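Structure record follows, encoded as structure tokens.
The values are calculated or read from the model by the stated rules, or taken from the named source; none is laboratory data. The shown structure was predicted, so the numbers you read here are calculated from the model rather than taken from an experiment. For neighbour counting, all protein chains shown are included, and Cβ atoms are generated from backbone atoms with ideal geometry for every residue, glycine included.
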Amino acid sequence: MKITFLELEDNYAKVLFENTTPYFVNAIRRTLISDVPKLAIENVTIYDNTSALFDEIIAHRLGMIPLPTHLDLLVFREECSCNGKGCPNCTVHYTLSKEGSCTVYSGDLRPEDAMWAVKDKNIPIVKLLKDQRLILEAEAQLGTGKQHAKWQAVCGIGYKYYPVIEIDSEKCNLCNECVEICPRKVLEIKKKKLDVKNVEECILCKSCEEVCKRDAIKVKGDENRIIMQYETDGSLSAKEVLMEALKILHKKYDELEKKL
Amino acid sequence: MIIPVRCFTCGKVLGSLFEEYKKRVYIEGENPKKVLDDLKIRRYCCRRTIISHPVFVKGKEVKEPIDEAAQYE
């Protein structure tokens, strides 16, 4: 199997898998969604909250803030040597204290160490009017998407077969109908010949096939080449998250092999 | 009302993007489509969450972007 990044940004990736099967890529997709651990706020102690929002809503909003995750420094609380009491190996503490009038942002969460500082500092949590106060302490711990969606590191993940567009230029009469109907503008007429501009953009909708009266165009998906797209919420980078998923999947296959 | 931290459907973080969207669309009068594309909000679930969020400028609800917002600013 060969993996190439077609597009790679900090929080977004488009990956091409070659010599593979849909079943295997789906296993990777499911691992990415439900098994990659990340950090999220789990316990919130509220000392003072005179804002317009209930304590629960504020705690819920805090839980969904993506926190930077250094997986080599943390372990799951259930597996930690502190027996689930909470220690520096499995817990990260944050404090927040603000008085109005102002908007409380995710950047106002003060971590115990600068490396845990929230990267996305502009998420509004609550608006405070004059004399309203918010003072709280939050504990973050590792979890997986299986437990709760706030621990899901990726979002908007999906894959498709690699599009293969076959054009029979003898049958084609350059009527331009397929070019117009294509929602992704994949086709073009160049030098009096129907041509494919960008195959990877094709979504296999087959509108061009339907509109062609002469059967000159055929769209197929190559099952052995798959394009996967995903975004991360910012707690892990797009590359890290895929590496981690492959590691976890590898471990699972090893376990299965041992038990057989 | 305050903007949801994440998209209801897919979980993308939108809270931090909305203030820029609000400023550019409702106060500076840019085309919403262009701003959404610039902010890399790709899926229609996230786009509807941003577009349909009610906007208040100086305490008054603004239903139509651009011109109406300008008179409260």
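Here are a few things to note about the model shown:
- Subset of the range A:12-51 (residues that are aromatic (Phe, Trp, Tyr), surrounded by 15 or more Cβ atoms within 10 Å (Cβ to Cβ) and within 26 Å of residue A:65 (Cβ to Cβ)): A:12
- Listed by first and then second residue, the pairs with beta-carbon distance under 8 Å, at least 6 apart or on different chains, first residue in the range A:233-253 and within 14 Å of chain B (Cβ to nearest Cβ) and within 15 Å of residue A:152 (Cα to Cα), second among the aromatic types (Phe, Trp, Tyr) and outside any helix (DSSP H, G or I), are A:238/A:12; A:238/A:230; A:241/A:230.
- Of the residues A:62, A:74, A:53, the single one that is within 13 Å of residue A:37 (Cβ to Cβ) and either in contact (Cβ under 8 Å) with a residue 40 or more places away in the chain or part of a loop (DSSP other than H, G, I, E, B) (or both) is A:74.
- Only one of the numbered conditions (1) part of a loop (DSSP other than H, G, I, E, B); (2) at pLDDT 95 or above is violated by residue A:81, and that is (2).
- Screening the range A:129-215 for strands (runs of 3 or more DSSP E) wholly inside it with 2 or more residues that are under 31 Å from the mean Cα position of the chain (by Cα) returns the ranges A:133-143, A:154-167.
- Hey, residue B:6 farther than 18 Å from residue A:158 by Cα, of a type outside the set (A, V, I, L, M), in contact with a strand residue (DSSP E or B) (Cβ under 6 Å, 6 or more places away or on another chain) and within 14 Å of chain A (Cβ to nearest Cβ) or not: yes
- Failed criterion for residue A:204 (all others in (1) within 30 Å of residue A:92 (Cα to Cα); (2) surrounded by fewer than 17 Cβ atoms within 10 Å (Cβ to Cβ) hold): (1)
- Tally of residues being surrounded by 15 or more Cβ atoms within 10 Å (Cβ to Cβ), basic (Lys, Arg) and either without any contact (Cβ under 8 Å) to a residue 40 or more places away in the chain or out of contact with any helix residue (DSSP H, G or I) (no Cβ under 8 Å at 6 or more places or on another chain) (or both) across the range A:127-156: 1
- Qualifying residue in the range A:96-115 (condition: surrounded by 17 or more Cβ atoms within 10 Å (Cβ to Cβ), among the aromatic types (Phe, Trp, Tyr) and touching a residue at least 40 places away in the same chain (Cβ under 8 Å)): no
- Selection within the range A:116-126 - touching a Ser or Thr at 6+ places or on another chain (Cβ under 7 Å) and surrounded by 14 or more Cβ atoms within 10 Å (Cβ to Cβ): A:118, A:120, A:122, A:123, A:124, A:125, A:126
- Residue within the range B:59-70 that is within 14 Å of another protein chain (Cβ to nearest Cβ) and modelled with pLDDT under 90 present: yes
- Just one of the numbered conditions (1) surrounded by 17 or more Cβ atoms within 10 Å (Cβ to Cβ); (2) under 28 Å from residue A:31 (Cα atoms) is not true of residue A:83: (1).
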